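Notes to accompany the following structure.
The values are calculated or read from the model by the stated rules, or taken from the named source; none is laboratory data. Quick caveat, the model's predicted, so the values are computed rather than measured. Heads up, the Cβs are rebuilt from the backbone with ideal geometry, glycines too, and the neighbour counts pull from every protein chain shown.
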């Protein structure tokens with residue numbers, strides 16, 4: 001590969017990461033606006049025109065706050081786990097299947113599984129290293145939830161893989177030219193969406209921070225830049241999961257405005273769910289995963305495997 005090609009790939013990745021960060025900033029504004037209207041009040045509307053500069057104001061405020069150094073924390077792990085989490089949530093975006101100038105993954109879905117699995121260790125490190133009972137409890141709960149839903153997520157994705165017989169995310173576009181997979185796999189699409197909510201620790205599955213004994217969950221001892229990075233990583237993963245849902249079920253990647261409208265709509269659904277649904281009970285969350293999603297995804301996988309064998 002020529003040096004200029006390598007430089008163009010690096011430049012493309014940097015531009016994409018800047019785009020993701022701007023998208024995350026405006027997703028937080030969109031969330032606050034929508035939640036405001038759901039609760040019959042105004043969202044942020046003072047900083048800039050209709051509050052459009054509010055995310056940047058919040059970012060400057062967070063990063064300029066004092067960083068707390070805990071006496072009894074495992075300092076290196078405490079300090080670096082938000083940085084690694086943020087880095088990982090941006091690295092996974094290199095999967096986006098552009099037609100040109102970016103990395104082409106033939107094993108993209110395997111890379112996705114690797115990155116989501118590493119995310120569990122970052123949650124555990126952040127919860128344990130603060131040396132606080134609250135953050136430890138929140139971290140353990142988040143890890144149990146994430147690992148449980150990764151199992152059903154892997155089986156749900158296996159059905160799509162069986163239909164296309166490839167790990168390349170670009171191939172999903174070719175197979176969905178005539179009909180979206182959402183219509184062929186309606187129950188799995190719904191399971192996938194709620195598994196995405198659980199993977200990103202969003203309402204109604206936000207048990208990592210939702211109980212009175214957990215205060216704020218694994219990030220309770222973080223302030224300033226550490227908290228901001230955990231926050232950015234969460235919203236970046238929301239955007240990424242929305243993109244994965246579109247690739248798998250809503251027509252795949254296309255170089256058009258419609259792709260970004262679909263992406264915005266799925267991100268809006270994340271916020272809508274937060275504004276309308278009450279939180280699940282923790283035991284029901286686990287039952288939902290192991291007693292409903294797991295059997296459904298296994299049975300559907302066997303069904304699609306049988307259909308695929310008929311046409312080979």
Worksheet item: Can you pull out the residues in the stretch 131-189 that are under 18 Å from the mean Cα position of the chain (by Cα) and surrounded by fewer than 16 Cβ atoms within 10 Å (Cβ to Cβ)?
Response: 147, 151
Discussion item. Suppose we filter 56, 86 for residues that are modelled with pLDDT of 85 or more, closer than 21 Å to residue 229 by Cβ and surrounded by fewer than 18 Cβ atoms within 10 Å (Cβ to Cβ); which single one remains?
Written reply: 56
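Please tell me if residue 206 is modelled with pLDDT under 90 and either assigned to a helix (DSSP H, G or I) or over 29 Å from residue 281 (Cβ atoms) (or both).
no
Considering every residue within the stretch 274-283, establish whether at least one is over 25 Å from residue 138 (Cα atoms) and either surrounded by fewer than 20 Cβ atoms within 10 Å (Cβ to Cβ) or out of contact with any helix residue (DSSP H, G or I) (no Cβ under 6 Å at 6 or more places or on another chain) (or both).
No, that holds for no residue.
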Worksheet item: In the stretch 183-203, is there at least one residue being part of a helix (DSSP H, G or I) and within 18 Å of residue 84 (Cβ to Cβ)?
Response: yes
Worksheet item: Can you name the number of the only condition in (1) part of a helix (DSSP H, G or I); (2) free of Cβ contacts under 8 Å to residues at least 24 places away in the same chain; (3) more than 20 Å from the chain's Cα centre (by Cα) that residue 63 fails?
Response: (2)
Worksheet item: Would it be correct to say that residue 39 is at pLDDT 90 or above and within 18 Å of residue 232 (Cβ to Cβ)?
Response: no
Worksheet entry | Which listed residue, of 264, 256, is exposed (fewer than 13 other Cβ atoms within 10 Å of the Cβ) and either over 19 Å from the mean Cα position of the chain (by Cα) or modelled with pLDDT of 85 or more (or both) | 256
